[in-house]
Every structure is written in C-alpha cells, then in structure tokens.
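Colleague: One structure, as structure tokens, below. Some questions next.
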C-alpha cells in the first residue's frame with residue numbers, strides 16, 4: 001500500500017510545484033477538474049441542468065463557471081457538489097492504479113475540507129510561502145480574478161489551521177532549491 005502524501009497550503013502557495021517535485025505519481029485535482037470541463041459531457045449536462053442560465057456550451061467555458069460563482073453564493077455549492085463527486089471517483093481510480101507505488105502525492109486544494117484526509121494513512125505536508133510573494137504571483141496569472149479568489153478563500157480552512165494539521169512544512173521561497181531541500185528531508189523521514 002502506497003504512502004499518501006497530501007499537499008496543503010494557501011491558494012497560490014506553490015502546492016502543485018511542490019507535488020511535482022516529489023518524483024512520485026501525482027493526483028492533481030485542479031487539472032482533473034479542467035479535464036472534466038473540457039471532455040466530460042455528463043458533467044456538462046449535470047451543470048447545465050443546475051445552472052442553465054450560465055452553463056450553455058460544451059466544452060464548458062471557465063468564464064461561464066466564474067460568472068455563475070460570482071453571481072450567486074449557492075452556485076459554487078452546486079458546482080462543487082457535482083464536480084467533487086466525480087473528482088473523488090477519479091482519485092480512487094488513481095489510488096487503485098498506483099497502489100503498488102511507494103508513495104503517491106495528492107494535490108487537492110480542498111483536501112481537509114472535503115474530508116479526504118485519512119489520519120491512519122496520510123502524511124500531510126504544508127507548503128509555507130511568503131504571503132507577499134503569493135499575492136504577487138497570483139496577480140501575474142492571466143486568469144486571476146480577485147472576487148473569485150475571495151470566494152474560494154471563504155470555503156477553505158485557514159492556512160494557520162492547515163499548518164497545524166501538517167506533520168511537515170516545506171518553506172517555499174519559489175526556488176527549486178528551497179523546495180527540494182524540504183522534500184528530501186520529508187522523504188528521508190518517511191521512507
């Protein structure tokens with residue numbers, strides 16, 4: 001059975017970068033959601049049924065999702081309910097496929113919030129990044145939307161709480177060296 005490493009951190013803290021640098025199979029929930037919007041007609045039909053005013057075309061346009069979320073607080077809950085069920089299925093397939101690997105990395109933004117965390121099996125790693133650098137990096141993203149950012153922050157547990165829950169902390173100074181030192185230390189302790 002693989003050791004499951006859950007990557008925690010604030011929005012824009014570099015969780016995906018850290019996850020990729022472990023050198024083990026990664027389940028990236030954001031990437032999987034993006035694939036669902038692009039390729040899954042069943043998800044499109046479910047979202048269109050719940051949000052006909054916003055979800056109009058397939059593949060689903062992220063701008064339609066953004067507009068739906070920003071116009072009504074309940075819309076985010078509707079989207080999450082549909083999407084997270086499918087993402088959980090995909091994660092379970094990933095875990096089954098990689099059950100003989102030494103380690104698997106779970107890069108899932110709402111890892112604790114969606115109760116994916118398994119106290120007996122999971123090692124939690126918090127990616128700690130300087131807040132000013134995170135904000136600067138987020139603003140550089142072409143698709144950055146401050147209102148959307150604030151909505152997602154509201155549904156997430158605080159970074160302080162996540163940091164307390166984690167067994168390990170990686171100081172991400174947005175250099176490969178800072179991340180790799182943290183990863184090396186973690187692997188030497190858990191393997």
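Read-outs: derived from the displayed coordinates by stated rules, not from any lab. Nothing here was measured: the structure is a model prediction, and the numbers come from that model. When we count neighbours, we look across all protein chains shown, and the Cβ atoms used for this are built from the backbone with ideal geometry, even at glycine.
Colleague: Would you mind ranking 86, 189 so that the residue whose beta carbon has the fewest other beta carbons within 10 Å leads the list?
Modeller: Ordered by Cβ neighbours within 10 Å, fewest first: 189, 86.
Colleague: If you don't mind, there's one more thing I want to ask. Peptides 64-74, 123-133: what's the order by average Cβ count within 10 Å, highest mean first?
Modeller: 123-133, 64-74
Colleague: Could you work out [θ]222 nm for the chain from helices alone, using -39500 (n - 2.57) per DSSP H run of at least four and dividing by all its residues? Round to the nearest 500 deg cm²/dmol.
Modeller: Here the helix-only value at 222 nm equals -17000 deg cm²/dmol.
Colleague: A further question follows. Treat each spin label as a single point 7 Å out from the Cα along the C-beta direction, and report the residue 89 to residue 57 distance in nm.
Modeller: My value for the distance between the label points is 2.7 nm.
Colleague: Work out how much length residue 154 to residue 3 would gain on full extension: take 0.36 nm times their residue separation and subtract the Cα-Cα distance, in nm to one decimal.
Modeller: Stretched fully, the residue 154-residue 3 segment lengthens by 51.3 nm.
Colleague: Continuing with the same structure: Could you work out the equivalent-ellipsoid semi-axes for the chain, taking the square root of 5 times each eigenvalue of the Cα gyration tensor, largest first, in whole Å?
Modeller: Semi-axis lengths for the chain are 29, 20, 14 Å.
Colleague: So, one more: Give me the extension gain from residue 66 to residue 146: residue separation times 0.36 nm, minus the current Cα-Cα distance, reported in nm with one decimal.
Modeller: That works out to 27.7 nm of additional length.
Colleague: Right, another one. So how do 85, 80, 191 line up by other beta-carbon neighbours within 10 Å, fewest first?
Modeller: In increasing order of surrounding Cβ atoms, one gets 191, 85, 80.
Colleague: Run through all the Cα pairs of the stretch 31-97 and give the fraction in each 5 Å bin from 0, expressed as whole percent.
Modeller: 4, 18, 30, 26, 13, 6, 3, 1
Colleague: Another question, if that's okay. Modelling each spin label as a point 7 Å along the Cα-to-Cβ direction, I'd like the residue 161/residue 139 distance in nm, to one decimal.
Modeller: Each label point is offset 7 Å from its Cα along the Cβ direction, giving 2.8 nm.
Colleague: Each label point is 7 Å from the Cα along the Cα-to-Cβ direction; what then is the distance between the points at residue 39 and residue 73, in nm?
Modeller: 3.6 nm
Colleague: Fully extended, how many nm does the chain gain between residue 188 and residue 49 (0.36 nm per residue separation, minus their Cα-Cα distance)?
Modeller: The residue 188-residue 49 span can extend by a further 45.1 nm.
Colleague: Output the antiparallel fraction of DSSP beta bridges having both residues in the chain, as a percent to the nearest 5.
Modeller: 0 percent
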